[in-house]
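As C-alpha cells, the structure follows; a few thoughts come after it.
The values are calculated or read from the model by the stated rules, or taken from the named source; none is laboratory data. Model, not experiment: these values are computed from the prediction. Ideal geometry is used to build each Cβ from the backbone, glycine not excepted, and the neighbour counts take in all protein chains shown.
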C-alpha cells in the first residue's frame with residue numbers, strides 16, 4: 001500500500017484493480033473486470049467484459065490487464081498504478097513490458113484487496129452485454145469497493 005500511495009499522491013494519478021476470475025476449462029467466455037479509483041481511493045468508474053477463446057487463467061488475467069490499459073489510455077490517463085492478484089502476470093509484465101509504460105506501475109495484491117474486480121468479472125458472465133464501462137456505481141458493488149480497498 002505504501003508504494004501505491006507514493007505513486008498516487010502526486011498529480012492525481014489513478015489506481016486500478018484488474019482481475020479475470022472466471023476462467024473455466026471448456027467455457028466459451030471468460031469474464032474480466034476492473035475498477036478505476038483516484039489517488040484517494042474513491043471510485044471513478046468500472047469496466048467488465050466477456051472474452052472468447054481464453055485458454056488459461058494466466059491468459060485471462062493478461063487480457064484483463066490489456067482491456068483496462070486500453071480503457072484508461074482512451075481517456076488520456078497515463079500515470080496509472082495497476083493492481084492484480086496474479087503474481088506470475090506481475091512478474092511477466094514488470095520484466096518485459098513495464099519499460100514501455102514508463103508512467104505506469106504494476107503491483108500484486110492479495111485476493112481480498114481485489115474482491116471488487118473479482119466480483120465484476122463474475123458479474124460480467126451474468127450481464128447481457130459483452131462490454132460495459134461506466135461511471136455509475138452498481139448498488140451490489142458498493143460492499144466490495146471500500147472494504148477491499150482498506151485491507
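Here residue 127 passes the criteria (1) under 14 Å from residue 47 (Cβ atoms); (2) in contact with a helix residue (DSSP H, G or I) (Cβ under 6 Å, 6 or more places away or on another chain) except the one numbered (2).
Determine, yes or no, whether residue 62 is modelled with pLDDT of 85 or more and under 20 Å from residue 131 (Cα atoms). It is true that residue 62 is modelled with pLDDT of 85 or more and under 20 Å from residue 131 (Cα atoms). Hey, residue 90 hits all of (1) under 13 Å from the mean Cα position of the chain (by Cα); (2) at pLDDT below 85; (3) over 16 Å from residue 35 (Cα atoms) but one; which does it fall short on? All conditions are met except number (2). Can you find a residue in the stretch 98-116 that is in contact with a strand residue (DSSP E or B) (Cβ under 7 Å, 6 or more places away or on another chain) and farther than 18 Å from residue 36 by Cβ? Yes, the stretch 98-116 contains a residue that is in contact with a strand residue (DSSP E or B) (Cβ under 7 Å, 6 or more places away or on another chain) and farther than 18 Å from residue 36 by Cβ. Restricting the stretch 110-124 to residues that are in contact (Cβ under 8 Å) with a residue 60 or more places away in the chain and in contact with a helix residue (DSSP H, G or I) (Cβ under 6 Å, 6 or more places away or on another chain) leaves a set whose member that is farthest from residue 64 (Cα to Cα) is 113. Can you find a residue that is under 14 Å from the mean Cα position of the chain (by Cα), assigned to a helix (DSSP H, G or I) and farther than 24 Å from residue 24 by Cβ anywhere in the stretch 129-149? The answer is yes; a qualifying residue exists.
If you check 92, 44 for being surrounded by 14 or more Cβ atoms within 10 Å (Cβ to Cβ) and farther than 16 Å from residue 15 by Cα, only one passes: 92. Screening the candidates 85, 127 for the property of being surrounded by fewer than 17 Cβ atoms within 10 Å (Cβ to Cβ), touching a residue at least 40 places away in the same chain (Cβ under 8 Å) and closer than 20 Å to residue 144 by Cβ yields one hit, 127. When residue 28 is tested against (1) surrounded by fewer than 17 Cβ atoms within 10 Å (Cβ to Cβ); (2) in contact with a strand residue (DSSP E or B) (Cβ under 9 Å, 6 or more places away or on another chain); (3) closer than 16 Å to residue 117 by Cα, just one condition goes unmet, and that condition is (3). If you go through the stretch 38-63 and pick out every residue that is at negative phi and either assigned to a loop (DSSP other than H, G, I, E, B) or out of contact with any helix residue (DSSP H, G or I) (no Cβ under 7 Å at 6 or more places or on another chain) (or both), you end up with 14.
Give the stretch 40-64 a look and list any residue that's free of Cβ contacts under 8 Å to residues at least 40 places away in the same chain and touching a strand residue (DSSP E or B) at 6+ places or on another chain (Cβ under 7 Å), or say none. Listed by number, the residues that qualify are 51, 52, 54.
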